[in-house]
1. Which members of region 72-92 meet the condition of being among the charged types (D, E, K, R), assigned to a helix (DSSP H, G or I) and without any contact (Cβ under 8 Å) to a residue 60 or more places away in the chain?
2. Please count how many residues of region 86-115 are surrounded by fewer than 22 Cβ atoms within 10 Å (Cβ to Cβ), more than 13 Å from the chain's Cα centre (by Cα) and not β-branched (V, I, T).
3. For region 60-85, how many residues meet the condition of being open to solvent by 20 Å² or more (accessible area, probe 1.4 Å) and closer than 21 Å to E196 by Cβ?
4. Of all residues being open to solvent by 40 Å² or more (accessible area, probe 1.4 Å) and within 22 Å of the chain's Cα centre (by Cα) in region 228-247, which is nearest to T48 (Cα to Cα)? Just the residue, please.
5. Among A169, A177, which is the only one that is more than 24 Å from A90 (Cβ to Cβ) and in contact with a Lys or Arg (Cβ under 8 Å, 6 or more places away or on another chain)?
6. Looking at (1) at pLDDT 90 or above; (2) within 21 Å of W243 (Cβ to Cβ), which is the only condition L170 fails?
7. Need pairs with beta-carbon distance below 8 Å; first residue closer than 14 Å to I160 by Cβ and modelled with pLDDT of 95 or more and within region 99-118, second charged (D, E, K, R) and surrounded by fewer than 22 Cβ atoms within 10 Å (Cβ to Cβ); sequence gap 6+ or separate chains.
8. I'd like the full set of residues that are in contact (Cβ under 8 Å) with a residue 40 or more places away in the chain and either hydrophobic (A, V, I, L, M, F, W, C) or surrounded by fewer than 11 Cβ atoms within 10 Å (Cβ to Cβ) (or both), limited to region 207-227.
Amino acid sequence: MVRVRISEQFPIIPDDPFAILCACGAFYSCPRGPDGKRIGKMVVYAGTYDVLAGGRNHYIGDDYANIGVVEELPHVLADFARLVADQIVAAGLDFTTVLGAPMGGIQFSQVLGAKLDCRVIYAEKMVIEVGTETSRGKSVPILDRHKVNEGDRVIIVEDICNNFSTTKALVELVLMAGGKVVGVACVLNRSPYKTEWQGDQGRTVLPVFSGVYREMPQYKQEDPAVAAYVAAGNVEFHVKAKWGKLMESMKAAQT
């Protein structure tokens, strides 16, 4: 179980991985008023969908986990790695290598690989579309600095699992190099797939190991439930850059 000293303010957090994320300041939830209505910013996610007018839009939601904050606390990241490593070992997974997804999975893959005592590699990002004020940039993973060897049995490591788009891209890279993906590991799994991802209409089935499992509903920007809120400009598209302000707004609403 995870028990960590985060600071003097949080000397010991109970054996609750989600509580640890919150205590680290790594979890945001859109503030709501006494009537339950939103009074703060919704946030944009990496996942996208096709729109009728052409192009793609990003999904949005109320909650966001910023694992970059956890990366600044090595002892906390190590505790999450220990939690995930214990699950992988208990499952008897046959693996040779962990592959960190860019950028969020790189640091976690290094710590997890140390716990599993195996080879660690990571992919990098190739930017194919620059972000704007109202959209995130677009990139694709590539294997450049590190390589997958033929016969490698690979665990893909991410910071957060949701739509598994990065997972899909990395599976293809591994297969092209002659390796095989045998599992997925992450700090936080917010997808509907709690322990097993069934991608490609069920043709790809991989076990998923996570430090925290917590579903976070997402919406299309045109969804009637949120469209007016979006039109009013109540969405933060650059979440990590504005993390401090988002956390301040959440704390202010709680006082």
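The values are calculated or read from the model by the stated rules, or taken from the named source; none is laboratory data. Treat the numbers as computed from the prediction; the structure is a model and nothing was measured. Note that each Cβ is placed from the backbone with ideal geometry, even for glycine, and that neighbours are counted across all protein chains shown. Quick note on the areas: whole protein, heavy atoms, side chains included, nothing else; ligands and nucleic acids left out. Shrake-Rupley method; radii C 1.70, N 1.55, O 1.52, S 1.80 Å.
1. Going residue by residue through region 72-92, those that are among the charged types (D, E, K, R) are 72, 79, 82, 86.
Narrowing further to those that are assigned to a helix (DSSP H, G or I): 79, 82, 86.
Result: D86, single match.
2. 11
3. Number satisfying all stated conditions: 1.
4. H238
5. A177
6. The one condition L170 does not meet is (2).
7. Filtered contacts from region 99-118: Q107/E71; F108/E71.
8. Taking region 207-227 as the starting set, the residues that turn out to be in contact (Cβ under 8 Å) with a residue 40 or more places away in the chain are 207-212, 214, 216-222, 226.
Hits for region 207-227 are V208, F209, V212, M216, P217, V226.
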